[in-house]
Amino acid sequence: MAASIRNQLVGKIKSVTSDKVMSEILVETAAGPITSVITTNSVKSLKLKKGDQVVILVKATNVSLAKS
């Protein structure tokens with residue numbers, strides 16, 4: 001797979017939590033766990049399930065943190 005996004009992490013899906021519209025995918029990577037929220041239609045289309053190896057593509061123009 002070729003992609004212009006340079007921030008890529010390989011990982012394994014640890015869990016998929018879905019409702020009718022959205023799904024939360026927990027992926028374990030060498031950098032630690034990362035969670036992605038995507039549409040449930042995308043989960044079905046990609047046939048994502050626990051144990052699948054995936055590539056996480058991160059493209060963000062802004063990442064913010066706040067201390068409470």
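Data table
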| read-out | value |
| --- | --- |
| The range 30-40: number of residues that are more than 22 Å from THR61 (Cβ to Cβ) and either surrounded by 12 or more Cβ atoms within 10 Å (Cβ to Cβ) or of a type in the set (Phe, Trp, Tyr) (or both) | 1 |
| Of all residues in the range 52-68 being in a loop (DSSP other than H, G, I, E, B) and hydrophobic (A, V, I, L, M, F, W, C), the one that is nearest to GLY11 (Cα to Cα) | ALA60 |
| Residue ID - farthest from LYS14 (Cα to Cα), chosen from residues in the range 25-51 that are assigned to a strand (DSSP E or B) and of a type outside the set (A, V, I, L, M) | THR39 |
| Unmet requirement for THR17, which otherwise passes all of (1) outside any helix (DSSP H, G or I); (2) in contact (Cβ under 8 Å) with a residue 12 or more places away in the chain | (2) |
| Residue list for the range 41-68, restricted to those being without any contact (Cβ under 8 Å) to a residue 12 or more places away in the chain, loosely packed, with under 11 Cβ neighbours inside 10 Å and over 21 Å from SER4 (Cβ atoms) | SER45, LYS47, SER64, LEU65, ALA66, LYS67, SER68 |
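Bear in mind these aren't lab numbers, they're just calculated from the coordinates by the rules spelled out. Predicted model only: the values in this text are computed from it and were never measured. Please note: Cβ atoms are built from the backbone with ideal geometry, for glycine as well, and neighbour counts cover all protein chains shown.
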